[in-house]
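Written below as structure tokens is the structure these notes are about.
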Amino acid sequence: MARLSKPGPISAKPLSVLLSDVFSDAYAKQGFAARELVTRWSEIAGPEVAAHSEPLKIQWPRPVEGQPQEPATLVLRVEGPMALEIQHASDVILQRVNRFFGWSAVGRLALRQAPLSRRDRPRAPRAPDPASVAKVAETLASVEDEELRAALARLGASIKRN
């Protein structure tokens, strides 16, 4: 009788590891040596700048033999009304980007006015219906602290709504 062997441990890999090469190739085609400039743009540029802009690509000038490498141009997609503000803050943005890289990689910004590609910003949760809050509050009569009871009623109504 053949003896069945026990299967070995399953080693699941994170999706980011499996798709790392795919993403790296896509970012490399846009001139990004590392995708962190795109994925961490909010941390690098600051939340105010990142809310109205996103990096599109980095344009590296062709090297000239015997000459030092010229800094690159970072191309940003910017929402129309904020283009002027971001242009005025370009020196600060360049400092932050170069601090991220650890060397003076980017020498100038080029702005492209267009709607941002990411519009999936989380919406602020709406308040629960007062009638459902009151209904949940009726079940919390044993809670003595009034503020706690109100908070628990709002939480309960929000949970039931979702």
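The values are calculated or read from the model by the stated rules, or taken from the named source; none is laboratory data. In this text the structure is predicted, and so the values were computed from the model without any measurement. All Cβ positions, glycine included, derive from the backbone under ideal geometry; neighbour counts span all protein chains shown. The area values use the complete protein model at the heavy-atom level, side chains included, leaving out ligands, DNA and RNA. Shrake-Rupley method; radii C 1.70, N 1.55, O 1.52, S 1.80 Å.
Assorted remarks:
- Of the residues examined, PRO115 is one that is at negative phi, in contact (Cβ under 8 Å) with a residue 24 or more places away in the chain, exposed (fewer than 13 other Cβ atoms within 10 Å of the Cβ) and not hydrophobic (A, V, I, L, M, F, W, C).
So that you can scan it fast, the table gives a plain yes or no per residue for (1) hydrophobic (A, V, I, L, M, F, W, C); (2) modelled with pLDDT under 90:
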{"position": "GLU85", "(1), (2)": "no, no"}
{"position": "ALA89", "(1), (2)": "yes, no"}
{"position": "VAL92", "(1), (2)": "yes, no"}
{"position": "ASN98", "(1), (2)": "no, no"}
{"position": "LEU109", "(1), (2)": "yes, no"}
{"position": "GLN113", "(1), (2)": "no, no"}
{"position": "PRO122", "(1), (2)": "no, yes"}
{"position": "ARG126", "(1), (2)": "no, yes"}
{"position": "THR139", "(1), (2)": "no, no"}
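- Only one of PRO47, PRO81 that is free of Cβ contacts under 8 Å to residues at least 60 places away in the same chain, open to solvent by 90 Å² or more (accessible area, probe 1.4 Å) and under 13 Å from the mean Cα position of the chain (by Cα): PRO47
- Residues (of a type outside the set (Val, Ile, Thr), in a loop (DSSP other than H, G, I, E, B) and either touching a strand residue (DSSP E or B) at 6+ places or on another chain (Cβ under 6 Å) or more than 23 Å from GLN113 (Cα to Cα) (or both)) located in segment 46-83: TRP60, ARG62, PRO63, GLU65, GLY66, GLN67, PRO68, GLN69, GLU70, PRO71
- Qualifying residue in segment 84-97 (condition: open to solvent by 80 Å² or more (accessible area, probe 1.4 Å), small (Gly, Ala, Ser) and assigned to a loop (DSSP other than H, G, I, E, B)): no
- Checked against (1) modelled with pLDDT of 90 or more; (2) exposed (fewer than 12 other Cβ atoms within 10 Å of the Cβ), PRO63 passes all but condition (1).
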